[in-house]
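All of the numbers you see were taken from the coordinates with simple rules; none came from a lab. Fair warning: this is a prediction, and the values are worked out from it, not measured in the lab. Using ideal geometry, Cβ is built from the backbone for each residue, glycine included, and neighbour counts are taken over all protein chains shown.
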Amino acid sequence: MTEDSADQTAFRTVYILNEHGESIGKTVMNGKAFRKSLEQGELWTYHEQTGRVLPPAGGLAILSMSEDGGDVRVVLSEADARRFRTDPTAEDPAEAASSHSVRADASDIESRPAPTSTPESLSDELAQLQKTVRDRREHPAEGSYTSYLFEQGAAKIRKKVGEEGIEVCLSESPDELVSESADLMFHLAVLLEYEGRTFTDVADELRRRRLEG
C-alpha cells in the first residue's frame, strides 16, 4: 500500500477483520480517513450523518491495512475487534456539534443550503461548543471522543490541535478549509477547557490587542 492511495477522493468500503482473518463488520473511509489511518496506525472512519472523520473513542490500533481492489481491509487485535463489534462508530455529539457542514463529493456541495451565520451566531456557536465540551469533561460518557481526549490529558490534546492545524494548512479547497477549521476549533475548545479557559478569554485578548493597536 502506498501513500498515493490516500489521494483518492471516492468513499471506500472498509472490511474489518480480527487476527484470525474473520470478518467482523465494515465501515467507510474517505481520503482523509484513509490517510490518517495510514499515517497514525489507528482506525479513522467517515461518519455519514455529520460528514466528520473520527477515530473510535479510545482508538483502535491497526495490525495491518491492505487494499483489495477499491476496498480496504483492516486487521484489528482480538480486544479491539470486540470493541468494534460493540460500537463500530463511537461518534461523539460534541465532535458533531463543532461543524454543520458535511464533507462529501461535488454533488453534495451543489445541494448545500446557503450559509445563514452572522457574527452574533458565530459567538453563539462557539459558546454552545464550549458548553458541550465542558459537559463532556464534567460528565464523561462511554464512547465519547471528547471524554477520551480529557482522559488522555494535555499532551494528547495539544497533539491533536497541532495535527488539525496542519490539516488546515493542507486544505485544497475553500470548502475543505472551512471543514478543517471547524475540526481545529473543536480541538482548540477542548484544550481551552482543559486549561480552564474559554473562547471568551480569546475574544478578550483580541479586543485588548485591537484597542492597543
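Take the Cβ-Cβ distance between Glu22 and Ala141 as r, set R0 to 22 Å, and report the resulting FRET efficiency rounded to the nearest 0.05.
0.15
Output the pairs from Lys32/Lys160; Lys36/Lys160; Lys26/Lys156; Lys36/Lys156 with a Cα-Cα distance over 21 Å in this structure; if there are none, say none.
Distance filter (> 21 Å) returns Lys26/Lys156.
Determine, for Thr198, Thr13, the number of other Cβ atoms within 10 Å of each Cβ, and report the residues in order from fewest to most.
Final ranking by Cβ density, sparse to dense: Thr13, Thr198.
What is the distance, in nm, between label points placed 7 Å from the Cα along the Cα-to-Cβ direction at Leu170 and at Leu206?
It is 2.7 nm.
In which sequence would Ser37, Ser66 go, from the one with the fewest C-beta neighbours within 10 Å to the one with the most?
Ser66, Ser37
Describe numerically, in nm with one decimal, the distance between label points set 7 Å from Cα along Cα→Cβ at Ser66 and at Glu195.
Distance between the two pseudo-spin positions: 4.5 nm.
Listing Ile166, Ile24, Ile16 from the residue with the fewest other Cβ atoms within 10 Å to the one with the most, what is the order?
Least to most surrounded, the residues fall as Ile166, Ile24, Ile16.
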